Amino acid sequence: ESSCGNRSAFKEWRKDPDCLTIWALLTAEERRDDLIAVSIWSVMLSFALVSNILILIGIARNATMRSATSYWFIISLAICDIVMAIISIVHLLPATAFHGQYVETLEWRNIIMLFFYDLFWYTGVLQLGLMACNRFVSIVYPMEYKWMFSRGRSLAIIFFGYFLGFLVSLPTLFPCCHTVWDSSNYITIYQPAETWYKYVDMSVNSLTLLLMIVSYAVIIYKVRESGRAMAKYQLTIRTRQANAMMNVPENGCNRGQLFSGPSVRPPRSQISKKEMRLFIQFFFVSIVFLMTWSTWQWLPQVSESKWAYFIMTSLFFINNSVNPTVYLLFNTQLRRELHYLLCRHRVISENKKRRTLIFNNANGDENGASNHTARDESNGRSNVKVTGSTNSRRGFFVRSSICSTSSATSSAFLNFNGGAKHVIVEQHDEADNESSVSAV
């Protein structure tokens with residue numbers, strides 16, 4: 001490592017053009033800190049940009065996710081993260097690498113670029129609040145969800161969020177409220193420092209954070225109450241089934257006694273696994289936002305180290321990349337779509353092999369079932385006929401316990417390792433000439 005520039009002509013190396021070159025950034029001892037910061041941020045921002053683009057592609061490829069209004073908020077937040085990542089790559093990184101050679105602190109280009117960054121930052125913050133409201137309605141008031149978050153209303157809400165983000169960031173274009181990038185300290189600062197605009201910034205972020213805390217607190221309470229209600233319902237069902245089985249007579253096939261008595265309805269408004277997965281995704285995204293914003297508020301008050309500011313700015317870039325990371329970790333549909341997109345030829349080959357194996361197994365099951373029926377007919381026990389259709393990829397099997405004159409129960413069991421559509425089991429008892437038809 002060597003020193004850069006001419007110290008006799010420039011006391012401050014940031015004023016020396018010879019120190020503000022790529023070669024000096026890579027080799028000069030004075031530029032070591034900048035090189036570390038730019039290198040780490042480049043990796044973070046590249047991951048944030050690529051991962052958010054993949055999220056958009058994955059949602060666009062899946063018709064179910066594309067039509068669900070819940071995912072529209074994910075799309076909107078991904079767009080905000082993409083724009084902020086691009087601004088950081090094309091402006092903040094060069095400004096940190098080349099300082100005044102690229103842009104001065106109070107130059108209009110710096111002000112304009114930070115204005116657009118703030119616009120999408122505040123829009124993203126508002127989107128997080130809207131996502132919390134979306135999850136709140138879907139879990140606490142599921143019957144009103146389709147009305148409150150219809151397609152038209154969801155689009156209007158999202159665009160209204162962008163409009164509010166523009167209004168909140170608009171004052172930064174005026175001399176009283178500039179926010180600019182300080183490349184020497186790796187931090188965004190207010191200019192002037194004691195501006196009233198920082199209270200606007202604090203209010204918007206605090207209100208959004210409060211909305212998220214209240215929404216998710218109520219959701220967690222609702223989830224716990226729902227779990228208790230479902231556990232109580234399952235216990236009641238098991239108790240009634242056990243009592244019914246004890247009351248079944250020793251002879252005959254009295255199926256009505258198995259389900260005698262008033263029916264027990266499941267608890268209303270149960271939370272689906274899909275809704276819970278979306279709640280977990282939005283919850284973790286909101287937690288990262290809480291860490292980012294709270295650090296921005298208190299860290300400059302307790303430390304003046306540029307490395308403390310470096311950590312604070314890094315949290316903003318992590319916030320841009322953690323959103324798609326959480327979605328990919330918890331969202332099976334997105335992973336499946338991206339796996340097919342990135343490994344398409346391999347997936348197609350595996351599916352062909354799987355279909356061939358399923359077809360061979362299905363033929364073997366059909367032959368075994370026909371032989372079993374022939375043996376039953378020869379013994380004079382019963383005649384079992386199974387009709388139906390299925391789109392199962394892994395085949396199926398039927399197990400029947402047919403009541404004869406001395407049997408106690410009659411049942412038909414159907415198990416699919418895939419998805420079943422409709423199956424009818426017809427049973428004819430030769431002893432009493434009675435028949436029963438059951439649909440599964």
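So here's what we get for this one:
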item	result
Coordinate range along principal axes, alpha carbons of the range 202-246, Å, largest first	66, 7, 5
Separation between Cα centres of the range 299-330 and the range 92-135, rounded to whole Å	14 Å
Under the Karplus curve 6.51 cos²θ - 1.76 cosθ + 1.60, θ = phi - 60°, whole-Hz ³J(HN,Hα) for the range 128-134, x wherever Gly or Pro sits	4, x, 5, 5, 5, 5, 4
Pairs of Cα atoms farther than 18 Å apart, the range 94-226, %	63 percent
By accessible area with a 1.4 Å probe, ligands and nucleic acids excluded, highest first: order of Val140, Val90, Val125	Val90, Val140, Val125
For peptides 225-237, 104-116, sequence by mean Cβ density within 10 Å, most packed first	104-116, 225-237
Cα coordinate range in the range 1-124, projected on the principal axes (Å, largest first)	67, 30, 14
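The values are calculated or read from the model by the stated rules, or taken from the named source; none is laboratory data. Note that the structure is a prediction, hence the values are computed from the model and not measured. With ideal geometry, Cβ positions are generated from the backbone for all residues, glycine too; neighbour counts draw on all protein chains shown. In case anyone asks, the SASA skips ligands and DNA or RNA and just uses the protein heavy atoms, side chains included. Shrake-Rupley method; radii C 1.70, N 1.55, O 1.52, S 1.80 Å.
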